[in-house]
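Inspection log for the structure reproduced underneath, given as structure tokens.
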Amino acid sequence: LHSSFSCSLTQPVTPELLVSPSSQDGDLGSECPEDRGNWTGRLDFLLSCIGYCVGLGNVWRFPYRAYTNGGGAFLVPYFIMLAICGIPIFFMELSLGQFSSLGPLAVWKISPLFKGVGMGTILIVSLVAIYYNMIIAYVLFYLFASLTSDLPWQHCGNWWNTDLCLDHHVIKAGNTTLPVNITNTVSPSEEYWSRYVLHIQGSSGIGDPGSIRWNLCLCLLLSWTIVYLCILKGVKSSGKVVYFTATFPYLILVMLLIRGVTLEGAWKGIRFYLTPQFDHLLSSKVWIEAALQIFYSLGVGFGGLLTFASYNTFHQNIYRDTFIVTLGNAITSILAGFAIFSVLGYMSQELGVPVNQVAKAGPGLAFVVYPQAMTMLPLSPFWSFLFFFMLLTLGLDSQFAFMETIVTAVTDEFPYYLRPKKASFSAVICIALFLMGLILTTEGGMYWLVLLDDYSAGFGLMVVVITTCLVVTRVYGMKRFCRDIHMMLGFKPGPYFRACWMVLSPATMMALLIYNIVKYQPSEYGSYRFPTWAEVLGILMGVLSCLMIPLGMVVAVLQEEGTLWERVQQASRPTMDWGPSLEENRTGMYVTSLAGSQSPKPLMVHMRKYGGITSFENTAIEVDREIEEEESMM
């Protein structure tokens, strides 16, 4: 017995199952699970969080959302929602991860009854990782296409162009004084995107994917290879890559911004972006849009923050990091708006149309409008390459986080088997997700991408975040959670955080969820409407992640003993090895509950698992009382 305990003492490890799976006969295993590892540099964690939060959405969703929801006035609900939903939930996720040093599945030792929340998270993240890497593949495609002296989407007259194609260079060269009617025309960049890159004319809809586009398939393979190489050694390797991927986009963004504001007509676009329309603030839609932007931009609920924090040292100041990352993310979004709209203003002046006719959101902005604007600049391939390189670095570090979340969650569940083989396991996950993503490389792949984008992280993600919030504050207990943070950081969260966790954040999320369901609109791509079966499939994607919660409850209750109510009560309490992973960080009530601290508690876990003690609760209370009495007598 002692050899197993001394092994735990000499090598600080994450508290895992006391019994190794190799010793099914009931002997305590003499092996220890391999060490989880930590960040190697001081800035690894902070830069990884910034890289994770600052993604493609900051560039292609925020500026468009701002201008459609009241321009400068949108910043009012945006910062209010950041304070109510963004910062508190961000801090809660980081606290849970850092306190327990566990991934998004094993962290539910805090209340095993709700382990399904962790399973739901992993399902959502896996679906998002599949299509997010396809977007990175499109970016790589354009990046390679920019390595020419003449951008391929600059002119009409290629095999993929139609009669509707209208080249703005021709209009300018013709120097026509008559206004050109561009309503029924298509830009070369739009035809390049839809007819050459996607080859969407080869598919009649989502039910008819057509053949695989091999150039896209190779780009997807390349993007998965890059992601795998960067997460090969877990946070030790990805923590180094983010020094480049998290900082370099800022350099390019500033270059694009300076280039943008020096263009003729730039102020037209910026005025359009920031002119406040305060009447919009009376509409509930604007507040919901602000909350959604915060929610998705910070990446709460995806498990990435929790995973990154779990590799921190126990006393890392995540309170400070929370404010740096959340405010930095907001400022980046606003800055990106200037870079985008200054170019759109110039473009609208060149084409002689209002800004709102050229402004788009999502892939339309990144792959149609902005590339078209690039062709109007001198040195267009250079600016195009820079723009797509920025999108690549923005996308990659968010994808690292998704992959790290999946890998960490599963390896923490099976530390003995998987931790030593983490590199091979990461490869298996990458290959599996690559194969699942192959449908996105077909001619009708864009329809599947839109479906995944609309449904994979919709209401399912909100249910996950609301449940996490309620479990931590109501089931585990606000007092206890604040005491844990006090142990870790040396101070308790103030009334602002407590009020948000107890009432404001869950209430806002509930409002978001209800609004999403009430205002539900079927997916569409351009003029294409999705068939009913595709809608049902999408809704099932969201429902499946929610169903994981009751499923997890059933499993947890079946593993307990006693009447149904006793089982529920036992399953909702933290497990005996819940708490800080290292012996030196376990103080107060956590002192004697770690496998390896020379106390009877770990034995009880063992006996309960293999017979001997049926009701372990009473024994645990007795042991606690004995320890308290011994301490008081000393």
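The values are calculated or read from the model by the stated rules, or taken from the named source; none is laboratory data. Treat the numbers as computed from the prediction; the structure is a model and nothing was measured. Neighbour counts run over all protein chains shown; Cβ positions are idealised from the backbone, glycine included. Heavy atoms of the whole protein, side chains included, go into the accessibility calculation; ligands, DNA and RNA do not. Shrake-Rupley method; radii C 1.70, N 1.55, O 1.52, S 1.80 Å.
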TODO: First check a/c for segment 467-557, with a ≥ b ≥ c the square roots of the eigenvalues of its C-alpha gyration tensor; if it is under 1.5, answer rounded, and if not, answer prolate when a/b is larger than b/c or oblate otherwise.
DONE: prolate
Open item on the list: Can you compute the charge dipole magnitude of the chain about its Cα centre, using +1 on each Lys and Arg Cβ and -1 on each Asp and Glu Cβ, nothing else charged? Give it in debye, rounded to the nearest 20.
Closed with: 1100 debye
Open item on the list: Can you tell me how segment 132-267 classifies by the Cα gyration tensor, rounded, prolate or oblate, using a/c under 1.5 as the rounded cut?
Closed with: oblate
- [ ] Restricting things to alpha carbons, find the Rg to Rh ratio for segment 325-399 using the Kirkwood radius for Rh.
- [x] 0.99
Open item on the list: For the chain, what does the helix formula give at 222 nm: sum of -39500 (n - 2.57) over DSSP H segments with n ≥ 4, over the residue count, nearest 500 deg cm²/dmol?
Closed with: -19000 deg cm²/dmol
TODO: For the chain, report the accessible area per residue in Å² (1.4 Å probe, heavy atoms, rounded to an integer).
DONE: 41 Å²
- [ ] Please tell me the relative contact order of segment 502-601 in percent, rounded to the nearest whole number, where contacts are Cα pairs under 8 Å and at least six residues apart.
- [x] 11 percent
- [ ] For segment 256-316 and segment 62-112, write down the distance between their C-alpha centroids in whole Å.
- [x] 12 Å
Open item on the list: With a 1.4 Å probe and all protein chains left in place, how much of the accessible area of the chain comes from carbon and sulfur atoms, in whole percent?
Closed with: 65 percent
